[in-house]
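> Pasting a structure below so you can have a look.
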């Protein structure tokens, strides 16, 4: 049972540190959309999306190697951190002369310097934070997430509400919050003590590069599937449409945030337990619980999405109908969560090339579908393309990972729950009569709860037993 307790403990700690801070951003969404409007909100989304891709490319995705090798008990922690930080800094220096080329992209032309600042601080912050997590400082990693978000929001209030700095103020808030995080982590852990300029293991460096370099195209492919929609929409429909799309994606992304917190803890367990004789049962048990949580949370989102998103998406350019674009994006998030879970097998076994291949299939399909569907269906075309792409990635990984691990995906449970969520999504998109709308949604929501009741209760009892045991140990 230790493996389950360790996974539960890491998940709880990360959730306490990160979910609260992440939810603060959602509480602030009405403020952001009101201050920035649809066009400004779309511009911010494009800056963040472009920077996310550039961070992976500029750093050679070294953060993935930092967490993977940092968790390995046989690896020298100083070598891992030194190689990661040197790679990050060298990449940022090499990237500098290419910054003016960002200005050649029409809807990013005003923001090339801001993007570089975002990439610079974000890259260093990411390397530091991932290393802290890899050496087992989970609580500190969680506290850092809360600190970073708090500083970011405080600066947002100053730059947007007081000085009315718009997009520039929003990005500067992120940059300064990252700087605060770097200082906090460096002082708390003594990161400078892990860094050595010379004398790192050549074998370690080669191993880390062999692992992370194939993840660069994989990251690009994930980026294409995740966020290229925004660029297509900006190019075809304008930045106001991008702002609406970003708002529609925001609420479903709460599931991604929760899944992301769990995935951080799960990947740590998958890596440390990879040689266990009962690893298949471990994966099956965890995936059964994981998909149950995703279904219930998704159903709750669909039940609340209309009033919540109508309240949150305000400001110039928002029509009050952003919620109608959310259901397909929410279903896409469901399959994103499942695909990420299957990807943990690649992480544990260091099969980064296979991760790249499966991600590439979805990315290529997403580009094709965006090109075809957005002119026909508008914003919904991008959402449908994203949904189809993630379904394909998930099933590609299901078939590919059978070579390494046989998993029970509980297909009947999956099919019934997805069908019910699809029904709820269609109600949200097309039904306007309030009484019928909420009646049908409530019935479908109740059915999902009933279908997943037993596993939810089992998980709750396990968590309760775990917490009681922890309290008993603490008193002793």
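Throughout, read-outs are computed from the coordinates displayed, never taken from laboratory work. Just so it is clear, the model here is predicted, and its values are computed rather than measured. In this analysis, Cβ positions are derived from the backbone assuming ideal geometry, glycine residues included, and neighbour counts consider all displayed protein chains.
> Suppose each label sits 7 Å from its Cα in the direction of the beta carbon; what would the residue 281-residue 410 distance come out to in nanometres?
Using points 7 Å along Cα→Cβ, the separation is 1.8 nm.
> Let me ask something else about it. Using square roots of five times the C-alpha gyration tensor eigenvalues, list the equivalent-ellipsoid semi-axes of the range 154-240 in whole Å, biggest first. Present the calculation step by step, with values, prior to reporting the outcome.
Values: eigenvalues 238, 144, 11 Å².
That gives 34, 27, 7 Å for the three semi-axes.
> Neighbouring Cβ atoms within 10 Å as the yardstick, rank 77, 137, 402 fewest first.
Numbers: 77 14, 137 17, 402 11.
So the residues, fewest neighbours to most, are 402, 77, 137.
> Just subtract the alpha-carbon distance of residue 3 and residue 161 from 0.36 nm times their residue separation and send over the number in nm, one decimal.
Stretched out fully, the residue 3 to residue 161 stretch lengthens by 52.2 nm.
> Follow-up question, since we're still on this one. What value, in deg cm²/dmol to 500, does the helix sum -39500 (n - 2.57) over DSSP H runs of n ≥ 4 give at 222 nm once divided by the residues of the chain?
Result for the chain, helices only: -28000 deg cm²/dmol.
> Right, something else. Obtain the nm distance between the two label points defined at residue 304 and residue 372 by a simple spin-label model: each point lies 7 Å from its Cα along the Cα-to-C-beta direction.
3.7
> Hey, fewest Cβ within 10 Å first, where do 109, 269 land in order?
The order, fewest Cβ neighbours first, is 109, 269.
> Between residue 57 and residue 353, what FRET efficiency comes out of the Förster formula 1/(1 + (r/R0)^6) with R0 = 22 Å and r the beta carbon distance, rounded to 0.05?
My answer for the efficiency is 0.80.
> Among 64, 110, 39, what is the fewest-to-most ranking by other Cβ atoms within 10 Å? Don't skip to the answer; put the middle values down first.
Values: 64 24, 110 13, 39 18.
Going from least to most buried by this count: 110, 39, 64.
> Working only with C-alpha atoms, what are the Rg and Dmax values of the chain, expressed in angstrom?
According to the Cα coordinates of the chain, Rg and Dmax are 22.0, 70 Å.
> Moving to a separate point now. With each pseudo-label sitting 7 Å past Cα toward Cβ, what's the residue 196-residue 422 distance in nm, one decimal?
5.7
> Let me have the relative contact order for the chain, percent, based on Cα pairs under 8 Å that are six or more residues apart.
Reported as a whole number, the value is 21 percent.
> Separate question: Fully extended, how many nm does the chain gain between residue 442 and residue 210 (0.36 nm per residue separation, minus their Cα-Cα distance)? Mind showing how you got there, number by number?
Working: separation 232, 0.36 × 232 = 83.52 nm, distance 5.04 nm.
Here the answer is 78.5 nm.
> For the range 339-463, what percent of Cα pairs sit more than 20 Å apart? Can you show the working numbers first?
Working: 4808 of 7750 pairs.
Cα-Cα pairs in the range 339-463 separated by more than 20 Å: 62 percent.
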